[in-house]
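Colleague: Below you'll find the structure I mean.
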Amino acid sequence: MCEDRAGPELKLTREFLSIMLGVRRPGVTVAIEVLEGNGLIRATCGKIVIRDWEGLIKLADGSYGPPEAEYERLIGSSPLR
């Protein structure tokens, strides 16, 4: 959902992402490495770039659509769409 509104570049540290998700930082690092290995994102110090948005949606296996639909219902569509 963030890419829809903020573009493909997210300025986030792994530490901040772990705090937002309520998980340990090493778990975030492992997940990022898996996503990078599949060519879905590219991560550098303090930045994550989405490389394959459709691939991420497919990987979410239906988890993306319902929150997106509810957001659009409540707030309206994104200016980036």
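The values are calculated or read from the model by the stated rules, or taken from the named source; none is laboratory data. What you are looking at is a predicted structure, and each value in this text was computed from that prediction instead of being measured. Glycine also receives a Cβ, built like all others from the backbone with ideal geometry; neighbour counts cover every protein chain displayed.
Colleague: If a residue must be farther than 10 Å from THR13 by Cβ, surrounded by 12 or more Cβ atoms within 10 Å (Cβ to Cβ) and more than 11 Å from the chain's Cα centre (by Cα), how many such residues does region 44-57 contain? Full working, then the answer.
Modeller: Of region 44-57, the ones farther than 10 Å from THR13 by Cβ are 44, 49-57.
Okay, now just the ones that are also surrounded by 12 or more Cβ atoms within 10 Å (Cβ to Cβ), so 49-53, 55-57.
Still in the running and more than 11 Å from the chain's Cα centre (by Cα): 55.
Result for region 44-57: 1.
Colleague: Okay, moving on. Against the condition surrounded by 11 or more Cβ atoms within 10 Å (Cβ to Cβ), within 19 Å of GLY7 (Cβ to Cβ) and of a type in the set (Gly, Ala, Ser), how does GLY27 come out, does it pass?
Modeller: Values: surrounded by 11 or more Cβ atoms within 10 Å (Cβ to Cβ): yes; within 19 Å of GLY7 (Cβ to Cβ): no; of a type in the set (Gly, Ala, Ser): yes.
For GLY27, the condition - surrounded by 11 or more Cβ atoms within 10 Å (Cβ to Cβ), within 19 Å of GLY7 (Cβ to Cβ) and of a type in the set (Gly, Ala, Ser) - is not met.
Colleague: For region 30-41: of the residues being under 11 Å from the mean Cα position of the chain (by Cα) and outside any helix (DSSP H, G or I), which is surrounded by the fewest Cβ atoms within 10 Å (Cβ to Cβ)?
Modeller: Out of the qualifying residues, it is LEU40.
Colleague: Show the residue pairs meeting these rules: Cβ distance below 8 Å; 6+ apart or different chains; first residue within region 65-76 and in contact (Cβ under 8 Å) with a residue 40 or more places away in the chain and among the aromatic types (Phe, Trp, Tyr); second residue surrounded by 10 or more Cβ atoms within 10 Å (Cβ to Cβ) and not in a helix (DSSP H, G or I).
Modeller: Here the result reads TYR71/MET1, each pair linking region 65-76 to a residue that is surrounded by 10 or more Cβ atoms within 10 Å (Cβ to Cβ) and not in a helix (DSSP H, G or I).
Colleague: Name, by its number, the condition in (1) at pLDDT 85 or above; (2) closer than 19 Å to GLU9 by Cα; (3) surrounded by fewer than 15 Cβ atoms within 10 Å (Cβ to Cβ) that does not hold for LEU74.
Modeller: Of the numbered conditions (1) at pLDDT 85 or above; (2) closer than 19 Å to GLU9 by Cα; (3) surrounded by fewer than 15 Cβ atoms within 10 Å (Cβ to Cβ), the odd one out for LEU74 is (2).
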